[in-house]
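Report on the following structure.
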Amino acid sequence: MKASINAVEHLLQYRFKDKRLLEEALTHPSYADLPSYQRLEFLGDMALGMVVSNFIFLTYPRLDPGQLSLLRNISTKKLA
């Protein structure tokens, strides 16, 4: 896996401080007993939700909480 990590860093022209996170991000859950990308995916989903919620809240100050919630409902189609 070390060679793969080095290859990704070279391709991105970026050196990761914690290479374990990069390895985790590139690991499918079916591969051995290593941590997979799923925990990072969960964290990313939550971060994206927070950013979208903040944007909607600031962009539409006159909407009530119910209307804000309808807009905040994130789906793959909306993100595409």
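Cβ separations smaller than 7 Å between residues 6+ apart or across chains give the following pairs from segment 1-28 residues that are farther than 16 Å from Leu40 by Cα to residues that are open to solvent by less than 100 Å² (accessible area, probe 1.4 Å) and in a helix (DSSP H, G or I): Met1/Glu23; Ile5/Lys19; Ile5/Leu22; Ile5/Glu23; Val8/Leu22; Arg15/Glu9. The set of residues in segment 38-69 being open to solvent by less than 70 Å² (accessible area, probe 1.4 Å), more than 30 Å from Leu22 (Cα to Cα) and not polar (S, T, N, Q) consists of Ile56, Leu63, Gly66, Leu68.
Scanning segment 54-80 for residues that are at pLDDT below 90 and either in contact with a helix residue (DSSP H, G or I) (Cβ under 8 Å, 6 or more places away or on another chain) or not charged (D, E, K, R) (or both) returns Ser69, Leu70, Leu71, Arg72, Asn73, Ile74, Ser75, Thr76, Leu79, Ala80. Determine whether Leu12 is surrounded by 10 or more Cβ atoms within 10 Å (Cβ to Cβ), touching a Phe, Trp or Tyr at 6+ places or on another chain (Cβ under 9 Å) and hydrophobic (A, V, I, L, M, F, W, C). Here the answer is no, as Leu12 does not meet what is asked.
The values are calculated or read from the model by the stated rules, or taken from the named source; none is laboratory data. Just so it is clear, the structure is predicted and the values come from calculations on it, not from any experiment. With ideal geometry, Cβ positions are generated from the backbone for all residues, glycine too; neighbour counts draw on all protein chains shown. All accessible areas refer to the heavy atoms of the entire protein, side chains included, with ligands and DNA or RNA removed. Shrake-Rupley method; radii C 1.70, N 1.55, O 1.52, S 1.80 Å.
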